[in-house]
Every structure is written in C-alpha cells, then in structure tokens.
1. For residue 460, what accessible surface area do you get with a 1.4 Å probe? Give it in Å², rounded to 10.
2. Test of understanding: what is the full-extension gain from residue 374 to residue 402, defined as 0.36 nm times their sequence separation minus their Cα-Cα distance?
3. Please give the length that would be gained between residue 490 and residue 411 if that part of the chain were fully extended, namely 0.36 nm times their separation in residues minus their C-alpha to C-alpha distance (nm, one decimal).
4. Go ahead and run the numbers for FRET between residue 482 and residue 38, Cβ-Cβ distance against an R0 of 45 Å, rounding to 0.05.
5. Residue 274 to residue 122: extension gain in nm, 0.36 nm per residue of separation minus the Cα-Cα distance?
6. Which value in nm describes the separation of the simple spin-label points at residue 291 and residue 169, placed 7 Å from the Cα toward the beta carbon?
7. Mind listing the long-range amide H neighbours of residue 380? Cut-off is under 5 Å, sequence gap 5 or more, other chains count too, H placed in the peptide plane at 1.01 Å from N.
8. Measure off 7 Å from each Cα along the Cα-to-Cβ vector at residue 300 and residue 439, then give the distance between these two points in nanometres to one decimal.
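The values are calculated or read from the model by the stated rules, or taken from the named source; none is laboratory data. Being a predicted model, the structure only gives us computed values, none of them experimental. With ideal geometry, Cβ positions are generated from the backbone for all residues, glycine too; neighbour counts draw on all protein chains shown. These area figures cover heavy atoms from the full protein model, side chains too; ligands, DNA and RNA do not enter into them. Shrake-Rupley method; radii C 1.70, N 1.55, O 1.52, S 1.80 Å.
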Amino acid sequence: MTSEQSPSASPPLSIADSAGSSPKNSPPTGQPSSTRNQAAATAAVAAALDATRAHQHLFPGLATVFFENGGPSASLAVYSSSMIPSTDKSNKPMDSLEATSASAGGHPFLPSMEEVSNAALKCINDFPPYVTMNVRDSAPQVTLSDPTPVVEGSHLEDSMSHRGINFRKTVRRLVVRGSMRGYRMSRASHGVSHGCYYYEAVVLGPTTPDTRTSLKRPLHEISDNNSGEKNIQNSESLTSTAQHSNSQTNSSSGHLRMGWSTRLGDLQAPVGYDKHSYAIRDIMGSRVHNSQREDNWGGVEFGPGDVIGFAICLSENATDRIAESASENAGDKKSNSMKTNYICFYKNGVIMGGKQLHDSKTECTGIAFDNISSDTYFPAVSCYLDGSAHLNFGPHFIYPPEGMPGKQKLQPISNLCPPPPTPEDAEEIVISSSNEGRKIFMSKRTDELIVTAFKQLVKIEAAVRREAYLRHLRMHKREIELLRKERGLSTLDLFDCSTISQ
C-alpha cells in the first residue's frame with residue numbers, strides 16, 4: 001500500500017530536555033574553547049538537518065524551512081556561517097543561554113518557532129496528515145473543495161488558541177465537482193497495493209436550482225458509440241438505453257463515473273476509459289473498463305442522494321494468487337480466502353450484482369471486476385458537467401459494507417495514512433535517528449542547547465499536524481452522524497475516533 005509509514009523508534013539518547021549550560025566536554029590538548037564550542041554547534045546543526053531529512057514526511061514544514069535554500073549542504077553552510085561568537089554592548093561574549101533567550105525560546109542557529117509553526121500549517125494543505133483527493137493527481141478542470149461545514153466543538157478552538165493557529169484555513173478536499181463537457185478525473189492521495197479496502201461517495205446534486213434544467217448531456221454523447229465504448233451486452237437495444245438516459249438527464253445536469261485507477265489512468269478522460277482504471281457509471285449502473293461498457297451485469301442506476309461504495313481486494317503475492325486459482329480450478333476447494341484481485345460496488349449499503357438474475361441461469365457473485373492486474377489502485381472520480389460527489393474514506397461509513405464475497409473483511413482507505421505521531425513520540429523518533437547504523441545525535445559531540453531547541457521545533461510541528469488530524473476526525477464523525485440521521489440510520493456505533501488516536 002502506498003502510505004507514509006512512521007519509522008520505528010529506538011530508545012532515545014540521554015539528552016537534556018530543558019535548557020541549561022553547555023556540556024563540559026574535555027577538548028583535545030591545545031584546542032581553544034571557542035573552537036570546541038563552534039565544532040559542537042556545527043555538529044548539532046548538521047545532526048538536526050540529517051534528522052529532518054530522514055523524517056521529512058513527518059515534518060514537511062521543518063524540512064521546508066531548513067532546506068529552502070538549496071538542500072542540506074547549503075542549509076548547513078547557511079547556519080554554520082551564523083556561528084560566529086556574538087558580543088553584547090559590553091564586549092562580553094554572549095553565551096548559549098543568553099542567545100537562546102534572545103531568540104524567544106528558540107536558538108539563533110535554528111529557525112524560529114514561529115517560522116516552523118507557520119510552515120507546518122501551510123504544509124497541512126500541501127501534505128495533509130489524512131487521506132484527501134490529490135490536487136497534484138487531478139485534472140485542472142476538476143474542482144476540489146471541502147464538504148459543507150459542520151459545527152465543531154468548542155474544545156477544538158480552545159485546544160490551539162494559545163498557539164495562535166487558525167485551523168479553519170486548512171483544507172480537506174473531499175468534494176469533487178466537474179465544470180465542463182467531457183469527463184475529467186481526480187485521484188485520491190493514497191492507494192491500495194494489497195489487502196481489502198473500502199471507501200464511499202455521496203452523490204451530490206446540482207450547485208444551483210436552475211442548473212437542474214439547464215445544460216443537459218445530449219443523447220449521442222451517452223450512446224454506445226461514445227469514446228469508442230462497446231456495449232458487450234448485445235441484447236440491449238438502443239431504445240432501452242435512450243429511456244434510461246433520458247430519465248437520468250432529466251434528474252441532473254451532470255454525470256459521474258467512479259471507481260479505482262492506477263497512476264497511469266488518463267486524467268483527461270473518465271474512470272474506466274483505459275486499461276488502468278475500473279468504473280461504475282451513474283446511468284444504468286454500467287461497469288466500464290478499457291472503454292468496454294456492460295449494462296446488464298447487475299449494476300443499479302444511481303443519482304443525487306445515493307451513497308455508492310467501492311471495495312477492492314488485492315492479493316499480496318501475484319504468484320501465490322495464480323497458484324491458488326489453478327488449484328481451485330483443479331477441484332481443490334479450500335476456503336473462502338481471496339483467490340483473485342477483484343472489485344465490488346455498493347449502493348446504499350447493498351452490494352451490486354449480488355442477486356440471482358431471473359433472465360439468466362448464472363448467479364451474480366457481487367464481483368464487478370475479477371482477475372484485475374496487480375498494481376496500486378487509487379480511489380478515482382470523474383465528473384461530467386457539474387457532476388459531483390462527496391468522498392468518505394472512513395474510518396466511519398454511512399453504510400458499513402456487508403456481503404463481501406468470501407466474507408472478506410474490508411479496511412477503510414483512511415487506514416492507509418497512519419496517524420501523525422504525538423509530540424513526545426516525534427521527539428523520540430527524531431532523536432533516535434541513525435545514519436548508516438550510527439546515531440545522528442551524539443550527546444558528547446553536539447551542543448546540548450541546540451539539540452534541545454531542535455527538539456522543541458520538532459514537537460511544535462508534530463503538535464500542529466496532530467491537532468489537524470484530530471480536527472479532521474472530529475469533523476468526519478460529525479459529518480457521518482448528520483448524513484446517517486438524514487437517512488434515518490442509527491448512529492449508536494459511531495465512536496469518537498479522535499480520542500483513541502491520542
């Protein structure tokens with residue numbers, strides 16, 4: 001799975017957590033004290049840069065501030081150049097403690113706390129600590145926005161008010177909306193390479209009441225000849241297609257094709273356009289892959305207000321998967337374990353294609369696509385005109401999925417993005433960093449005050465990212481609660497996932 005994994009933390013070195021006097025190391029014979037202190041300061045800054053570089057996925061704001069001048073080497077040169085002993089008006093050398101206090105709780109050789117805090121908040125939008133639709137992996141014609149705001153608890157504002165951080169400026173990018181004729185695609189920030197995962201999408205209506213009867217998709221654009229699509233159900237008549245199409249265009253001026261796509265899927269085309277993506281279409285619930293459309297597979301048409309679910313199961317080892325499939329074909333019926341890579345779709349909590357078809361002797365298994373190629377698949381949405389959807393990656397769902405083939409257990413897509421570490425865990429992770437098997441921070445060789453100040457910067461960014469993550473979880477729970485109540489569904493199983501993540 002493609003997600004940022006938090007590195008395992010080894011026991012931290014014994015480094016003081018509060019400001020104090022510099023460690024009294026014994027310098028080599030004849031080495032001046034100023035030279036020794038500058039060497040220790042240089043080593044501490046170099047260690048801070050190395051640790052930041054090793055964990056920049058956890059601390060992108062700190063990395064941005066450190067490396068914006070051309071990378072670690074350039075940054076070290078910049079900070080090293082400032083390590084010239086300063087003097088006050090009395091011409092007396094300014095010691096490290098006085099320098100620290102002059103830097104408002106930080107250290108003159110490091111970025112300020114305000115710099116790191118501001119950079120961390122900005123990076124929340126660029127590199128969110130939760131799953132979103134990826135602005136860098138979306139067609140420019142698609143609009144990504146936040147869901148309709150929900151009322152937040154007062155404890156949220158109180159928790160960060162003393163830091164002067166406005167989390168209302170952070171974005172979540174869970175709503176995808178089109179704006180033009182022709183499908184355009186957007187993919188999520190995290191994808192699945194193995195395992196069974198699930199997400200859902202609430203189909204949204206037009207942006208304004210008059211768009212419901214304004215631009216409508218012409219019939220020829222949804223016919224069998226559109227974009228080279230071929231209806232592999234030869235028994236379907238054009239008249240039947242036209243009837244379904246007209247009923248759909250009368251209810252909405254936009255359309256959706258949603259599902260799963262690899263990075264190679266064409267963003268300037270609908271999901272299902274090429275061999276790299278698999279989709280379900282709002283009209284007739286058709287399934288589409290590689291521009292091949294099948295209408296009578298057991299799918300169900302959907303529109304505004306419906307909740308569509310998307311499940312994918314990918315085996316971890318393709319060789320084992322093929323061997324197991326061959327064994328089953330030979331008559332060795334072992335268990336209900338996953339034998340192939342497959343995709344399932346849901347509508348309002350009910351799996352599509354899961355019932356016996358009366359006009360066929362074959363029983364639908366609930367599998368929309370089977371034996372799909374092993375790859376990393378991302379949640380994907382393509383919009384036509386003002387078609388739009390609100391994505392929900394979990395951990396809570398409006399309709400928790402049931403009825404998976406083989407009773408496979410599904411994980412929410414949100415599990416692909418590990419929670420950001422707490423400030424205390426972040427400090428331990430960074431201070432325990434190693435480079436080629438050697439500890440980056442050596443207490444006897446680095447300036448203790450610089451290390452202490454650096455740890456404080458790490459904890460500041462960790463606190464910002466952690467609070468943004470918990471805020472997202474609180475808003476997510478509230479959104480699912482409201483959406484369930486609108487549909488008359490129980491909310492008793494909704495727990496506060498932000499508390500157990502702390």
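1. Counting only protein heavy atoms, the figure is 30 Å².
2. On the way: separation 28, 0.36 × 28 = 10.08 nm, distance 2.41 nm.
My answer for the length gained is 7.7 nm.
3. Working: separation 79, 0.36 × 79 = 28.44 nm, distance 2.07 nm.
Contour length minus the Cα-Cα distance gives 26.4 nm.
4. Values: r = 59 Å, r/R0 = 1.32.
My answer for the efficiency is 0.15.
5. Stretched fully, the residue 274-residue 122 segment lengthens by 51.2 nm.
6. 4.6 nm
7. Amide H neighbours of residue 380, under 5 Å, 5+ apart: 259, 260, 261.
8. Computed distance between label sites residue 300 and residue 439 equals 6.1 nm.
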